[in-house]
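The values are calculated or read from the model by the stated rules, or taken from the named source; none is laboratory data. None of the values given here were measured: they were computed from a predicted structure. Please note: Cβ atoms are built from the backbone with ideal geometry, for glycine as well, and neighbour counts cover all protein chains shown. All accessible areas refer to the heavy atoms of the entire protein, side chains included, with ligands and DNA or RNA removed. Shrake-Rupley method; radii C 1.70, N 1.55, O 1.52, S 1.80 Å.
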Amino acid sequence: MSTITLIGPITNDTIVKDSSTYKSIGGAVYYQSSVLERLKINTKAIITLSKKDEELLNAFRENIELFPIFTGETIKFQNIYPDNNPNHRIQKAHIPSNPIKVNDIASLDFGNSKAILLGPLCPYDIPLETFKYLSELKIPIYLGAQGYLRHLKGEKIVLRPWNDFQKFLKFVNILFIDENEAKTILGTQISLDHVAKTLTSFGPEEVIITQGSSGSTIYSKKLDKIYRIPAFSPQKIEDPTGLGDTYMAAYAAQKIETEDPRICGTFASAASVIKLENKGAFNGNKKLIHKRCTNHSENVH
């Protein structure tokens, strides 16, 4: 069975939607681990959190191999969805500095991993030196880059340019960003196609730009080809938190089976809509994803 290793912080989340408020564990690593576990992929999760929040580890599914790095504080997020548009989110946060350093992971065995998924939530979660170390392992590195563009303005999260992105991207094989992050990196007047192509010139073999209800755009440097992946129509909108993380994990899982970006993107899009329709982390399976893909293809044609 294939193994994928996840690295990043987990969070204490408060989610506000439809006048209801509930608490949840959060963070890219948590949502990604749930996808991989349901797809029957061995999963290792290297995570930062405070020792006093150790009970958050109980939220992970039992088959996940956990490697906690205890820090002074756990990141806290408040995700507010003022309407039914899953792309419309107001975020507030308390973000302590908890960098994952080379010394924290040097003793861990990455040998059988097919991929390493990096899920930073702020600019200092995974330093450049850690990227360099991981790249020397010769394992494909997938990066969800959102954290490097997120900054606090008071308590609110705002996007700001990632000024030294070139230094990081040379160690990245596959890059994931959303359309707002894409515009922030290279400028609002540049097309998403141009952003994707330009970013591959700094290292990544593929750039995936998710666009919410508009689907996603994938550029493959190897094939020099743009792929348009349509979004799947949800039967209901229950919980938008973690959609990008779900997409990234499902894409990485499918990448083990095929190099075809269109197949991987469609699979990931189907997994994301299944997560959107249900509260909490992804709880579907491969059969359900393939069924959704088949139904979608029939409806399109």
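Below is a table of values for the structure above.
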item	result
Filtered residues of region 31-83 (kept if without any contact (Cβ under 8 Å) to a residue 40 or more places away in the chain and assigned to a loop (DSSP other than H, G, I, E, B))	PHE60, ARG61, GLU62, ASN63, ILE64, GLY72, GLU73, PRO82, ASP83
Members of region 98-123 that are open to solvent by 50 Å² or more (accessible area, probe 1.4 Å) and modelled with pLDDT under 95	ASP109, GLY111, ASN112
Residue match in region 73-82 (condition: open to solvent by 30 Å² or more (accessible area, probe 1.4 Å), touching a Pro at 6+ places or on another chain (Cβ under 6 Å) and over 21 Å from PRO240 (Cα atoms))	yes
Some residue of region 187-196 being without any contact (Cβ under 8 Å) to a residue 40 or more places away in the chain, of a type in the set (Ser, Thr, Tyr), outside any strand (DSSP E or B) and in contact with a helix residue (DSSP H, G or I) (Cβ under 9 Å, 6 or more places away or on another chain)	no
GLN189 at negative phi, crowded, with 18+ Cβ neighbours inside 10 Å and not hydrophobic (A, V, I, L, M, F, W, C)	no
Within region 218-301, helices (runs of 4 or more DSSP H) holding 3 or more residues that are over 19 Å from the mean Cα position of the chain (by Cα) and farther than 27 Å from GLY27 by Cβ	286-300
Residue in region 74-88 that is within 18 Å of LEU159 (Cβ to Cβ) and touching a Phe, Trp or Tyr at 6+ places or on another chain (Cβ under 9 Å) present	yes
Subset tally (residues that are surrounded by 15 or more Cβ atoms within 10 Å (Cβ to Cβ) and among the charged types (D, E, K, R)) for region 48-71	1
Verdict on ALA45 being at pLDDT below 95, open to solvent by less than 30 Å² (accessible area, probe 1.4 Å) and not acidic (Asp, Glu)	no
Only listed residue being touching a helix residue (DSSP H, G or I) at 6+ places or on another chain (Cβ under 7 Å) and closer than 21 Å to LYS170 by Cα, chosen from LYS255, LYS222	LYS255
Number of positions in region 7-30 that are under 30 Å from ALA106 (Cα atoms) and assigned to a strand (DSSP E or B)	8
Pair list, Cβ under 7 Å, 6 or more apart: region 162-174 residue more than 22 Å from ASP260 (Cα to Cα), other residue surrounded by 19 or more Cβ atoms within 10 Å (Cβ to Cβ) and modelled with pLDDT under 95	TRP162/ILE185; PHE165/ILE185
Every residue from region 114-131 that is of a type in the set (Gly, Ala, Ser) and either in a loop (DSSP other than H, G, I, E, B) or over 15 Å from the mean Cα position of the chain (by Cα) (or both)	GLY119
Flag for THR21 being out of contact with any Ser or Thr (no Cβ under 6 Å at 6 or more places or on another chain), in contact (Cβ under 8 Å) with a residue 24 or more places away in the chain and under 23 Å from PRO240 (Cα atoms)	no
Scope region 132-173; condition in contact with a strand residue (DSSP E or B) (Cβ under 7 Å, 6 or more places away or on another chain), in a strand (DSSP E or B) and loosely packed, with under 13 Cβ neighbours inside 10 Å; matching residues	LYS156, VAL158
Unique residue being open to solvent by less than 70 Å² (accessible area, probe 1.4 Å), touching a residue at least 60 places away in the same chain (Cβ under 8 Å) and on the phi > 0 side of the Ramachandran plot when the list is GLY212, GLY284, GLY244	GLY212
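So that you can scan it fast, the table gives a plain yes or no per residue for (1) under 23 Å from PRO127 (Cβ atoms); (2) small (Gly, Ala, Ser):
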| residue | (1), (2) |
| --- | --- |
| ILE15 | no, no |
| LYS23 | no, no |
| ARG38 | no, no |
| SER50 | yes, yes |
| ARG61 | no, no |
| LEU66 | yes, no |
| GLN78 | no, no |
